[in-house]
Amino acid sequence: MANPSILILAGDGIGPEVMAEVKKIIGWYDAKRGITFDVSEDLVGGCAYDKHGTPLHDDTMAKAQDVDCVLLGAVGGPKYDSLDFSVKPERGLLRLRKEMDLYSNLRPAQCFDALADFSSLKKEVVAGLDIVIVRELTSGVYFGEPRGIFTEGNERVGINTQRYTESEIARVARSAFELARRRNNKVCSMEKANVMESGILWRQVVQEIHDKEYPDVELSHMYADAGAMQLCRWPKQFDVIVTDNLFGDLLSDAAAMLTGSLGMLPSASLGAPMANGRPKALYEPVHGSAPDIAGQGKANPIACILSFAMALRYSFDLGEEATRLEQAVEKVLADGVRTADLMGPEGGVPVSTSAMGDAIIAALDASL
Ligand code: IPM
Ligand code: MG
């Protein structure tokens with residue numbers, strides 16, 4: 001049987017630096033655990049634009065459809081700010097999400113014990129936090145038509161459309177309920193049903209799917225603005241939050257920061273099952289390309305490494321190996337190894353991106 005396959009799209013900014021550490025870890029699994037992946041690499045984002053004049057070449061898109069999963073670093077940078085909207089680096093990522101139909105984006109926000117002091121919130125509010133935001137990723141205002149900048153009379157008007165079909169809501173709701181069943185069995189759905197028809201439909205469909213298929217799961221509904229407030233007030237009240245594309249974008253950044261650093265958080269974007277029964281999938285850190293620190297060896301590779309751990313769990317059925325890697329990360333943090341983003345006001349001497357990767361490899365060795 002062929003080895004499981006991974007397409008690496010490291011992208012721009014700190015993407016290639018943090019991905020280099022993931023490649024070391026893939027090498028470790030090959031050498032020490034006999035788990036061999038067929039790894040190929042390609043371009044996405046600004047670097048793809050530089051080479052091909054498009055942020056995602058059709059050949060790359062075809063490869064992404066063909067592998068067991070895609071690992072993505074980050075896209076974008078100031079160099080590309082003035083490009084036409086249609087070829088901006090972000091369009092490459094959005095095309096991958098849309099064409100692979102990755103409708104369910106899992107964004108865990110987990111507070112590592114060693115970093116509880118580091119959150120901008122009080123320690124007791126965040127210590128032990130472990131929630132997942134399930135963000136709808138292929139519809140809503142990100143993709144709705146009509147969209148564009150038009151002229152009406154003597155002025156311009158910018159238009160985007162929030163649009164959700166029943167089946168789009170139903171499938172992401174199911175994935176949230178399924179996830180909750182494997183966790184603490186609680187889902188909170190967030191929308192703006194007080195202002196938006198799409199929010200009214202969202203609430204109805206989530207409730208219907210719950211009542212018909214998941215009555216055992218505890219379901220609540222919240223307006224997304226109140227949800228943002230509750231996330232800051234007492235985030236531990238949540239287990240799984242399910243929400244639309246735009247609210248999920250905002251709420252997941254807020255939830256991420258509760259844990260102390262955006263540099264820590266992975267994500268999985270999952271679609272329908274492929275022939276092998278595993279979902280179509282793309283894994284990426286929640287953080288961006290951080291052009292201000294790119295190329296300096298300062299970036300924290302943990303979010304990207306934990307994204308690979310999610311790939312082990314969801315795409316390769318290697319849950320135990322995923323836990324091994326997550327525990328290695330926890331050990332390194334408990335030992336006080338810190339990249340610059342984890343230094344805190346009291347300071348200290350940060351380690352480089354690659355030293356963090358090496359420390360995690362050492363912890364993996366120690367786990368054997
Ligand atoms: C994210 C990012 C993207 C988004 C950008 C880079 C297009 O903010 O993954 O959260 O808005 O979805
Ligand atoms: Mg975002």
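So here's what we get for this one:
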read-out	value
Yes/no for GLY288 being modelled with pLDDT under 95 and within 16 Å of ligand 2 (Cβ to nearest atom)	yes
Yes/no for PRO301 being open to solvent by less than 10 Å² (accessible area, probe 1.4 Å), assigned by TED's automatic domain parsing to the domain that holds GLY144 and more than 16 Å from ligand 1 (Cβ to nearest atom)	no
Condition broken by ARG233, with the remaining ones in (1) assigned by TED's automatic domain parsing to the domain that holds ILE169; (2) within 16 Å of ligand 1 (Cβ to nearest atom) satisfied	(2)
Members of the range 56-83 that are away from ligand 2 (no atom under 16 Å from the Cβ) and assigned to a loop (DSSP other than H, G, I, E, B)	LEU56, HIS57, VAL67, ASP68, ASP81, SER82, LEU83
Options ASP30, ASP38; residue that is farther than 28 Å from LYS88 by Cα, over 21 Å from the mean Cα position of the chain (by Cα) and free of Cβ contacts under 8 Å to residues at least 24 places away in the same chain	ASP30
Test: residue in the range 119-137 that is surrounded by 20 or more Cβ atoms within 10 Å (Cβ to Cβ) and not hydrophobic (A, V, I, L, M, F, W, C)	yes
Members of the range 53-72 that are of a type in the set (Gly, Ala, Ser) and crowded, with 17+ Cβ neighbours inside 10 Å	ALA64
Residue in the range 249-266 that is assigned to a strand (DSSP E or B), within 13 Å of ligand 1 (Cβ to nearest atom) and within 19 Å of LEU306 (Cα to Cα) present	yes
Positions within the range 206-253 being surrounded by fewer than 22 Cβ atoms within 10 Å (Cβ to Cβ) and charged (D, E, K, R), in sequence order	GLU208, ASP211, LYS212, GLU213, ASP216, GLU218, ASP225, ARG233, LYS236, ASP239, ASP249, ASP253
Residue check, PHE316 under 29 Å from VAL39 (Cα atoms) and either among the aromatic types (Phe, Trp, Tyr) or open to solvent by 40 Å² or more (accessible area, probe 1.4 Å) (or both)	yes
Candidate set: the range 324-345, residues that are open to solvent by 40 Å² or more (accessible area, probe 1.4 Å), free of Cβ contacts under 8 Å to residues at least 60 places away in the same chain and in a helix (DSSP H, G or I); chosen: the one farthest from LEU262 (Cα to Cα)	ARG324
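Table: residues versus (1) assigned to a loop (DSSP other than H, G, I, E, B); (2) more than 16 Å from ligand 1 (Cβ to nearest atom); (3) not small (Gly, Ala, Ser).
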residue: GLY128; (1), (2), (3): yes, yes, no
residue: VAL141; (1), (2), (3): no, no, yes
residue: THR151; (1), (2), (3): no, yes, yes
residue: TYR164; (1), (2), (3): yes, yes, yes
residue: VAL172; (1), (2), (3): no, no, yes
residue: PHE177; (1), (2), (3): no, yes, yes
residue: ALA180; (1), (2), (3): no, yes, no
residue: SER189; (1), (2), (3): no, yes, no
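The values are calculated or read from the model by the stated rules, or taken from the named source; none is laboratory data. These numbers were taken from a predicted model, which means no experiment stands behind them. Because the Cβ atoms are built from the backbone with ideal geometry, glycine has one as well, and the counts that use them run over all protein chains shown. Each accessible area value is taken on the protein alone, full model and side chains, heavy atoms only, with ligands, DNA and RNA left out. Shrake-Rupley method; radii C 1.70, N 1.55, O 1.52, S 1.80 Å.
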